[in-house]
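Below: the structure, in structure tokens.
The values are calculated or read from the model by the stated rules, or taken from the named source; none is laboratory data. Keep in mind that this is a model prediction, so the values were computed, not measured. Cβ atoms come from the backbone with ideal geometry, glycine included; neighbour counts cover every protein chain shown.
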Amino acid sequence: MKAISILSGGLDSTVATIKLAEKYDIHALTFDYGQRSSKMEIKASKRICRSYGFRHHMIKLPWLKKLGGSALTDKKKRIPKPAMDELDGSVADETAKAVWVPARNLVFTSIGAAYADALDAGAIIVGWDREEARTFPDNSKRFLEAFNRVLESGVFADVKVEAPLIDYTKKEIIEEGHRLNVPFEVTYSCYEGGRLHCGLCESCMRRKRAFKLAGIEDPTRYRL
């Protein structure tokens, strides 16, 4: 059975996809919406798909960059750089707002649903997780359940969104990825989009902390 994977090339979507790869014939979608990290995300996603034999499609959404003024898409805005001990408090709420791209997961998953309907796929795989659901509502279990209710009448295909990491923290995602032999060194998480991870943005800090808490060697190349 086919599955559509919403694959950014980051930790979450990569581990989620590989976790379900034995169950499904994967057709991965990677989106270029004008984010700073688009080139590196596409590069990472292509390498992952080549390694595992997944089919890969790149989709451009240039209009999404023009909405909302996210620091991910507007280079005039500063990417927040919280300290590691600020990742779970009120500071994280503010950094989330700074990098919020309007309805991004809603848009991506809806496009995934269109592909699933056309290809008669049984699942749309996403990397939503418990840690990021605290600050991003479109990563939450509530959003997952609501989207699946929409799919019941929104498409002809018998398809649902599968989020195998929905109850995981980043630490647990690293542990699961380690168990699955995920090539972490290929994945890309940085908001800045440089060849090396910046090591300072929130996404890099969560990545660093997850490896540290899991007690697993971090193969990521950070600038700082």
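Things to note:
- Residue in segment 184-212 that is nearest to Ile79 (Cα to Cα), counting only those that are basic (Lys, Arg) and in contact with a helix residue (DSSP H, G or I) (Cβ under 6 Å, 6 or more places away or on another chain): Arg206
- Of all the numbered requirements in (1) aliphatic (A, V, I, L, M); (2) touching a strand residue (DSSP E or B) at 6+ places or on another chain (Cβ under 8 Å); (3) more than 28 Å from Ile26 (Cα to Cα), Ala123 misses one, and that requirement is (3).
- Segment 23-66 - residue that is aromatic (Phe, Trp, Tyr) and closer than 20 Å to Tyr191 by Cβ and, of those, surrounded by the fewest Cβ atoms within 10 Å (Cβ to Cβ): Tyr33
- Pair list, Cβ < 9 Å and 6+ apart or interchain, from segment 195-217 residues that are over 24 Å from Ala71 (Cβ atoms) to residues that are surrounded by fewer than 23 Cβ atoms within 10 Å (Cβ to Cβ) and of a type in the set (Ser, Thr, Tyr): Phe211/Thr220; Leu213/Thr169
- Residues of segment 159-182 satisfying the condition of being under 18 Å from the mean Cα position of the chain (by Cα), in a loop (DSSP other than H, G, I, E, B) and either modelled with pLDDT under 95 or within 19 Å of Ile6 (Cβ to Cβ) (or both): Ala163, Pro164, Leu165, Ile166, Asp167, Tyr168, Leu180, Val182
- Residue satisfying all of: in segment 1-17; under 14 Å from the mean Cα position of the chain (by Cα), of a type in the set (A, V, I, L, M) and outside any helix (DSSP H, G or I); farthest from Tyr191 (Cα to Cα) among these: Ile4
- Ala121 passes every criterion in (1) more than 25 Å from Ala92 (Cα to Cα); (2) free of Cβ contacts under 8 Å to residues at least 40 places away in the same chain apart from (2).
- Being modelled with pLDDT under 95 and touching a Ser or Thr at 6+ places or on another chain (Cβ under 7 Å) is a property that Ala92 has.
- Exactly one residue among Ser45, Ser38, Ser51 is out of contact with any strand residue (DSSP E or B) (no Cβ under 9 Å at 6 or more places or on another chain) and at pLDDT 95 or above, and that residue is Ser51.
- Look at segment 54-74: where a residue is of a type in the set (Phe, Trp, Tyr) and a partner is loosely packed, with under 15 Cβ neighbours inside 10 Å, sitting 6+ places away or on another chain with Cβ atoms under 9 Å, you get Phe54/Asp25.
- In segment 31-53, residue nearest to Glu202 (Cα to Cα) [restricted to those that are charged (D, E, K, R) and free of Cβ contacts under 8 Å to residues at least 60 places away in the same chain]: Asp32
- Any hit, segment 183-198, residues being within 23 Å of Leu87 (Cα to Cα), of a type in the set (Ser, Thr, Tyr) and part of a strand (DSSP E or B): no
- The set of residues in segment 199-224 that are in a helix (DSSP H, G or I), among the hydrophobic types (A, V, I, L, M, F, W, C) and under 18 Å from the mean Cα position of the chain (by Cα) comprises Cys204, Met205, Ala210, Phe211.
- Boolean, Leu224 is modelled with pLDDT under 95 and under 23 Å from Glu94 (Cβ atoms): yes
- Out of Phe156, Phe143, one residue alone is not in a loop (DSSP other than H, G, I, E, B) and not polar (S, T, N, Q). It is Phe143.
- Close contacts from segment 147-165, counting a first residue that is within 15 Å of Ala121 (Cβ to Cβ) and without any contact (Cβ under 8 Å) to a residue 60 or more places away in the chain and a second that is β-branched (Val, Ile, Thr) and exposed (fewer than 14 other Cβ atoms within 10 Å of the Cβ), with Cβ to Cβ under 8 Å and a gap of 6+ residues or different chains, come to none at all.
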